[in-house]
Amino acid sequence: MLELILCSMLTVLPDYLYRRYAQGKRIGVEITLYTMWYELRWGITACLLLTVSLITMIFYFHPSTKSVTAVFRTVTILPETVGRVDEVFVGINQKVAAGDPLFTLDSAQQDAAIETARRQIAELDAQMDVARTELVTADAQIQEAESAYQTAVDEYEMKAQLLKTDAVSRREVERLETTIEGRKSAVAATVANKSTLETKISALLPAQKASAEAALAQAQVDLDKTIVRAGIAGTVQQFTLRPGDVVNSMLRPAGILVPEQAGRGTLIAGFGQIEAQVMKPGMIAEATCIGKPFTIIPLVVTEVQDVIAAGQLRPTDQLVDVQQMAKAGTLTVFLQPLYPGALDDVPPGSSCIANAYTNNHDALADPNIGTLKWTYLHVVDAVGLVHAMILRIQAMLMPVQTLVLTGH
C-alpha cells in the first residue's frame with residue numbers, strides 16, 4: 001500500500017493535475033467513477049507498472065522475512081549408565097553451575113566393586129609381606145643346604161683317601177658320592193626357590209596389585225557415573241525426576257538443561273532462495289521481535305549458509321523421489337547485533353521480522369561508473385527507505401495484532 005501511494009503521487013496525481021488545470025476537467029463532472037479509467041488511464045497504468053517495479057526492486061535488493069528466530073540449543077540430561085534414582089538435588093527452573101550435582105543413582109553395586117578391589121589390594125600387600133618373610137627363610141635354607149653339601153664333600157674326600165688303605169669299603173665311598181649329588185641338587189632347589197620368591201616380589205605381586213588398583217579405579221569411575229552433574233551452566237527445565245525412578249540413557253532422559261547464553265547473541269533468519277545472489281556477509285539489517293515490541297534492533301549479516309537445508313539427503317533403504325523435496329527451502333542467514341547488548345532483552349526462541357539492506361556505497365565511489373548505473377544504484381539504495389518505513393510500521397502494529405486482532 002505504501003508503494004502504491006508513493007507511485008500514485010508520481011503518476012496519477014500529475015495526470016489529474018494536467019486534466020484539471022490544463023484541460024479544465026472537474027471531479028464529479030467530467031471525471032467520475034465511470035470515466036476515471038478513460039480520463040486517468042495514463043496515470044493509472046503508469047502507477048501500476050511503477051508500483052510493481054518498485055515492489056520488485058525493494059523486495060529483491062532489500063529482502064525481508066518473518067522467519068527469524070533467536071534459536072537456542074538445549075542439553076539433554078542423561079546418565080552414563082542405567083540405574084534407579086537415589087537422591088535428587090535440584091528442582092524445575094533451578095539455575096545450576098557447571099559441575100553441580102543434579103541427582104544420584106543407586107550405587108550399591110559400584111560400592112561393592114570398590115570394596116572388593118580394596119580387599120584384593122590389601123590381600124596382595126599381605127602376600128608381599130609373606131613373600132619377603134619367605135625370602136629370608138629361603139636364604140637360611142640355602143646356607144643350610146650349602147653347609148650340608150660341604151659336609152658331604154669333606155666326608156667324601158676323607159673316605160676316598162682311606163679307600164686307598166682299605167680302611168673303608170668302596171660301597172661307603174659310592175654312597176657318599178650319591179649323597180653329594182643329592183646335597184648339590186638341594187642347594188640348586190633352594191637357590192631356585194629364592195629366585196622364584198624374588199621374581200614374585202619384584203614382578204608378579206606388583207603386577208597383580210597394579211591390576212587390582214586398575215580395577216579399583218574402574219570401580220571408582222563407575223561410582224562417579226552414578227552422580228550426574230551439569231556439564232554447563234544453565235537452567236534445568238522439564239525436570240520431574242524423583243527418587244525411585246529408573247533412567248536410561250537411550251530411552252528415558254531425566255530432563256533438559258538450557259545453557260545461560262543460549263540464543264542470546266544471534267538471530268537466525270530464513271530468506272527466500274531468490275535472495276541468494278543478494279545476501280552477503282557484512283550487509284546491514286534490522287529486526288523487530290515480538291519479545292521486545294516497539295523496538296528496532298540494528299543487525300549485521302555475519303554468515304550466509306551456502307546450502308539449502310531442504311535439499312539434504314540421508315542414505316536409507318529406500319530410493320528418494322525428488323518430488324518429496326519439492327517444497328522450497330530458505331536461505332539460512334546468521335544475524336548479530338551491530339551494537340553490543342542489543343539482543344540482551346530478547347528472550348531466546350522469540351519470533352522476529354527482519355530486513356536486510358543492499359549497500360552500493362563502494363560501487364558508487366568508483367570514478368569510472370557510468371551515469372545510468374550511478375542513477376540506478378542510487379535508486380536501489382534510496383528505495384531501501386521504503387522497506388525501513390514498512391518495518392517500523394510493523395513494529396508499531398505487531399502488539400496490536402497480537403493482543404487485539406488475533407484474539408485470546
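Laid out as a table, the results:
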item	result
Selection count where residues are among the hydrophobic types (A, V, I, L, M, F, W, C), open to solvent by 40 Å² or more (accessible area, probe 1.4 Å) and over 26 Å from Ile284 (Cα atoms), scope the range 62-87	3
Candidate set: the range 117-142, residues that are among the polar types (S, T, N, Q) and in contact (Cβ under 8 Å) with a residue 12 or more places away in the chain; chosen: the one farthest from Val228 (Cα to Cα)	Gln141
Matching residues, the range 90-135, being within 15 Å of Leu216 (Cα to Cα) and of a type in the set (Val, Ile, Thr)	Ile114, Thr116, Ile121
Hits in the range 247-299 - residues which are modelled with pLDDT under 85, among the aliphatic types (A, V, I, L, M) and surrounded by fewer than 20 Cβ atoms within 10 Å (Cβ to Cβ)	Met250, Leu251, Ala262
Evaluation of Lys209 against (1) in contact with a Pro (Cβ under 7 Å, 6 or more places away or on another chain); (2) modelled with pLDDT of 85 or more (one fails), failing number	(1)
Filter pass, Phe239 being surrounded by 15 or more Cβ atoms within 10 Å (Cβ to Cβ), within 23 Å of His62 (Cα to Cα), touching a strand residue (DSSP E or B) at 6+ places or on another chain (Cβ under 9 Å) and among the aromatic types (Phe, Trp, Tyr)	no
Some residue of the range 9-23 being polar (S, T, N, Q), more than 30 Å from Thr235 (Cβ to Cβ) and touching a Phe, Trp or Tyr at 6+ places or on another chain (Cβ under 9 Å)	yes
Test: Ala310 is under 16 Å from Leu331 (Cβ atoms) and part of a strand (DSSP E or B)	no
Test: residue in the range 16-30 that is closer than 29 Å to Gln394 by Cα and surrounded by fewer than 18 Cβ atoms within 10 Å (Cβ to Cβ)	no
When residues of the range 96-147 are limited to those that are of a type in the set (D, E, K, R) and either outside any helix (DSSP H, G or I) or surrounded by 16 or more Cβ atoms within 10 Å (Cβ to Cβ) (or both), the one nearest to the chain's Cα centre (by Cα)	Asp100
Any strands (runs of 3 or more DSSP E) falling wholly within the range 47-94 and containing at least 3 residues that are closer than 30 Å to Asp344 by Cβ	64-69, 75-77
Close pairs from the range 46-67: first under 23 Å from Thr288 (Cβ atoms), partner in a helix (DSSP H, G or I) and among the β-branched types (Val, Ile, Thr), Cβ under 6 Å, at least 6 apart	Ile58/Val386; Phe61/Val380
Strands (runs of 3 or more DSSP E) (entirely within the range 210-277) containing at least 1 residues that are closer than 30 Å to Cys352 by Cβ	234-237, 255-259, 267-271
Index of the failed condition, Tyr357 passing every other in (1) touching a helix residue (DSSP H, G or I) at 6+ places or on another chain (Cβ under 6 Å); (2) farther than 24 Å from Tyr60 by Cβ; (3) not hydrophobic (A, V, I, L, M, F, W, C)	(2)
Top-ranked residue of the range 352-399 - restricted to ones that are aliphatic (A, V, I, L, M) and part of a loop (DSSP other than H, G, I, E, B), ranked as least open to solvent (accessible area, probe 1.4 Å)	Val383
From the options Ala328, Ala356, Ala342, residue that is under 25 Å from Ile55 (Cβ atoms) and at pLDDT 85 or above	Ala356
Pair list, Cβ under 6 Å, 6 or more apart: the range 293-319 residue small (Gly, Ala, Ser), other residue outside any helix (DSSP H, G or I)	Ala309/Gly329; Ala310/Gly329
Of all residues making up the range 71-97, the number that are in contact (Cβ under 8 Å) with a residue 40 or more places away in the chain and of a type in the set (Phe, Trp, Tyr)	1
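Residues checked against (1) in contact with a strand residue (DSSP E or B) (Cβ under 9 Å, 6 or more places away or on another chain); (2) touching a residue at least 24 places away in the same chain (Cβ under 8 Å):
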position: Leu343; (1), (2): yes, yes
position: Val346; (1), (2): yes, yes
position: Ser351; (1), (2): yes, yes
position: Leu372; (1), (2): no, no
position: Val383; (1), (2): no, yes
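The values are calculated or read from the model by the stated rules, or taken from the named source; none is laboratory data. Given the structure is predicted, the values throughout are model-derived calculations rather than measurements. Cβ atoms come from the backbone with ideal geometry, glycine included; neighbour counts cover every protein chain shown. Keep in mind that these areas ignore ligands, DNA and RNA; they rest on the heavy atoms of the full protein, side chains included. Shrake-Rupley method; radii C 1.70, N 1.55, O 1.52, S 1.80 Å.
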